[in-house]
Structures are given as structure tokens and as C-alpha cells.
1. Can you list the strands (runs of 3 or more DSSP E) found entirely within the range 93-137 that contain at least 3 residues being within 24 Å of residue 181 (Cβ to Cβ)?
2. How many residues does the range 481-495 contain that are more than 13 Å from residue 572 (Cβ to Cβ) and either at pLDDT 95 or above or not in a loop (DSSP other than H, G, I, E, B) (or both)?
3. Could you tell me whether the range 232-253 includes any residue that is touching a helix residue (DSSP H, G or I) at 6+ places or on another chain (Cβ under 6 Å) and more than 23 Å from residue 426 (Cα to Cα)?
4. Going by the conditions given, is residue 541 over 26 Å from residue 459 (Cα atoms) and modelled with pLDDT of 95 or more?
5. Identify, from the list 379, 363, 342, the residue that is modelled with pLDDT under 95 and surrounded by 17 or more Cβ atoms within 10 Å (Cβ to Cβ).
6. Examine the range 424-437 for a residue that is assigned by TED's automatic domain parsing to the domain that holds residue 595 and within 18 Å of the chain's Cα centre (by Cα), and state whether such a residue exists.
7. Go through the range 557-578 and give me each residue that's within 20 Å of the chain's Cα centre (by Cα), surrounded by fewer than 19 Cβ atoms within 10 Å (Cβ to Cβ) and over 16 Å from residue 62 (Cβ atoms).
8. Being at pLDDT below 95 and closer than 30 Å to residue 377 by Cβ is true for just one of 532, 600, 526. Which residue is that?
């Protein structure tokens, strides 16, 4: 094994965090996140991406997703990914920004009229004067779902002094005392959805008590939030909204899990957090809204109280039409109250027979009917997320039920005894077509689709580190499931004809090369498990390639021709075959490493990490 793999330890001194948060053998140093060359033992790599380090995303990666999405943040709570729904956030004189007035003057806006907080000449001058009228305002309308939003903007006076300027979101506003120093002002509000106005204004009553104002504005942002009350890091937009990457965390241990990459999914359950809504039918139960703190850190989880001794005490969502042959997954967050046993079920002929899963919320055990698959994961503070999967065998209306039962062994229909007035908590119901649950998709009055996460490297961002004739990828990743075929990482020319990368098929990890439409190498290693990190490698050059997984190396391939490639898809294969899991780290060497090196660099011992910070007197050990 080449000693160069373990050279360059002095690289740990690079960047802003000298010896801070050193992530052990696999993690490298925080100062090396975006640069070339990884930390020990990955010095010498021409590309090193450490997604466990969190934001910001390496600037060479292009990331897109066409919708909001949720993740678990470093505090263990469900939050929305970074987003900015306002357009032209730094060119505020540009449509769709516009002004109007009632009895005064329409504001005058001028782009690039002053130095912005980032030091560029991109601040917009805004001159407001309502005169004897009621208001003068500058607006942008945003189509929003029902949620809580934070609207923020940077403001300062144009030529000194102070001005009282209003900031209004929907119909609620605040008065901002704008000075000759840049300040970021914000307002947080729960809105009912639809068209939401974001305004800067002068009004006859608060907000904006001054008749006129001459100010500079910059960095407008509106973002959906859960428990947060202050704006997150500003992200610029031009002609389209920004939906950012998701750096996910374990809700219990708070350990980073890496970059979350998921396929597109739709939650067909409406009012996913409002089980008190009439969209949910109640049978011998009542629902108390907002009874306790949910996994998103706000008091919006409902309590389901049993009200009678009957054979069915349940809430169920409106039915949707199931497609024969399609597998569906019902997921919901549950927490024990005075009741500990809950059943989730699809009682429909679409499943051939009633299928169910019983959950003991106290000791977190499950039993399920023969055609069902169920798993339960703790998400902290007594909450569990139940994932219940079953395949439809016939087209039919399908409705998810959440039912109170006597014990973990009850079949559906058993009469409840002695549990009247007892209760349990529920939050975040979701039904999606697929063999596993994905991240939570909140809904209100209609179904909601979360778009796929697309992360790529193209152009010189790819060619600067990639070698067309020989190379080795090493990837740390995990997947929600081992029941599908997905791609961990793919270098390609944008077609299926020329590719080099790693995939997962069931519990097998495969390394492959396709050139000119012909498979040159396809070598697999096994096993991997759902929601369990693994280290995999693929290496290839002319007539010499191999694959490794967790220290196990395949026999190798001696008949390989390499193709010409120009892009990298992270956690996917050219916009398809999404990993539906996490990419933790990627290292690329522009040479074909030896089999011994592949074995060492994917050894299970590298998965365990040690993190120390001598600035906050904290340390952590573990994955």
C-alpha cells in the first residue's frame, strides 16, 4: 500500500478551524471541505467532498430541487431546507417587484444604487412618499402553502439619519427604525396559504410611521420555517426561487448524516398535521389540536382521545384511489399518552385483505399482518415514526387508519376495553407510492409533491479533477431501503452509453464501467443494510478494475475500455435512480488504486469517527 495515502497530515492546519472538529480517519479536517485533497488518509485525492461537515455545499456542485423539502437539523427537529421564495432578491427595482399607493406617490426604485452588505454595488435605492394619502408601498406576491414564514430584508438610509419604514407580511407588519448602518429586519408569521404579500411601505398607522423615506434595500428573503423565529443565511435569487440542499442529522444522537438525496414523492394525505380537521373521520374518538410539542419543535401535535367502548376507535384520512400492483407506504409520528397501543392499517379490498401493523409505543415493538412490512424508529422525546408498507392487489379506494387498540397483539376489530378517555399523540401523517418512507412532506388542503434532489458537477468543475483514463471513487453513504436498485454515484457523458460509478441493487453494492453502450465491468459486493452507513469503492483503468465494500474486495476485471465522461451525478444516475438516502463523503483519485488500497480505504474501522473541539470543551465519539 502506498505510503502517500497517509501523508500530508499537515493539511489539518489549513482553513479556518485549526484542529477543530477533526472527524477522525474518514472525516478529515473542517478546513478541507471545499478544497482539493482530503484529510488523512485521503491526502492525494484530486477531489474530496465532506458532506458531514454541513453547509455550505461545495461551490463546484450544482444543486437543484423544484420544491420545498424537510430535513432533521442539528438540534434533532424537523425543519424546512434553506429556501428563498422571493425573486430578484438583490434587484428589487425589477419585476415581479412593483409599487402602488393610495393617495400618495408610487415608490421609485433604482437598482445598483449603493454598496450592499456584501461589499458589492448591488443595493437598491427605494424612495417612498405617501404624502397626504394612506400608503405608499413596494411589493412582491408569493404563492405560498399554509405554513409559518420568515420575511427578511437588509435596510439602511440612503444619505444618513433615521427613517421609520414598515415591513409587512400578509396583513401583519412591524415598524423598522432604519439607520445609516445596515441592519437585517425580519417578521415571522403563520399564513393560511395562497398569495402572500411581502411589502416595504409607509402607512398612516404602523408599520412605517414616517410619511416619506429614502433608503437602500438588499437581500430580500422569505422562507418557510417550523420552530425558528429568525431568518437563516441569506441566499440570492434572480428569476426563480431557491430551494437548497439538505444536510440531515440523526434526531436522537444529533450526529450528521450527510447530504440527503431523495427521489420525487407525493404525500396524498391532506391536513397531515391537523387530524382535528373534518378531512379526518373520527370513530369513537375526539381530537384535541395542538396538544403537545411535535418532532418539529412547535406545539402542533394532536391528542387522540378514546370516547367509547367499541370495536373501532380511530381517525382515518379521506380515501385515495390505489393502483393495482403499486406499493404504498403509510408513515406517521406517534407518542404514547395514557394509551400505548396503536394500530395503523389500510382496511381495503385493494390489499386483498385487511392489512395492519400494531405498535407498542412504550417499548417500541411491532407486529404486522403477513402481507405488510413495518418498521419503527425513535425520533426523540418519546416520539417514534412508524413506516408501514403494503402492496395494492386491486384498484380501489384506499384510506389510512390510525386506531387505538388494547395490546400489541390485537387484530383490527377487537373491542376496546377499559380505555375510554385515554389518549395518544399523532403528527405528520403521510402516504406515498413507494416501498419505503421518505422525509416528511407537510400538507394542508391538497396533496403535496416534493421534487427530487439533483446534485451534479459539470464543465471544468468536473474536468479539473477527473482523469479520463484511470480513476478511483470512494464513497460513504447509506440508503433508506435495500429493496430497490439505486445509484450511489455516476460519472457519465449524460447518456447511458458511457458511465463509471457505483450502484446498489438490493443489498449488493456494484461498481461498473459502461463504454460505447457495452458493459465493461460489473462487480458486486454484499451485504449492506437499510439506514446503515457503508464505505464503497470502484476503481478502473484499461483492462484493470475492481469494486470494494467495507474492506471486502471483488475478484477484479481484466477486460475494460474507459469512455470519455464530462459530468458527475451525486446520489443518482443522470437525474434518475436516486439513492434515497445520504451521501456522506466522496473521495476521488485520478489513478487506479491497488486492491490493497481499496480494501484499506473501505475498511469498517474508518466509519467510526472521533470529533474534538478544544474551543467548546466538547467531544463526540461514534458514527
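1. On the way: elements: 98-102, 105-114, 123-129.
Where strands (runs of 3 or more DSSP E) fall fully within the range 93-137 and carry at least 3 residues being within 24 Å of residue 181 (Cβ to Cβ), they are 105-114, 123-129.
2. So the answer is 2.
3. Among the residues of the range 232-253, not one is touching a helix residue (DSSP H, G or I) at 6+ places or on another chain (Cβ under 6 Å) and more than 23 Å from residue 426 (Cα to Cα), which makes the answer no.
4. no
5. Among 379, 363, 342, only 342 is modelled with pLDDT under 95 and surrounded by 17 or more Cβ atoms within 10 Å (Cβ to Cβ).
6. no
7. Answer for the range 557-578, where residues must be within 20 Å of the chain's Cα centre (by Cα), surrounded by fewer than 19 Cβ atoms within 10 Å (Cβ to Cβ) and over 16 Å from residue 62 (Cβ atoms): just 576.
8. Exactly one of 532, 600, 526 is at pLDDT below 95 and closer than 30 Å to residue 377 by Cβ, namely 526.
The values are calculated or read from the model by the stated rules, or taken from the named source; none is laboratory data. Note that the structure is predicted; figures quoted are calculated from it, not measured. In this analysis, Cβ positions are derived from the backbone assuming ideal geometry, glycine residues included, and neighbour counts consider all displayed protein chains.
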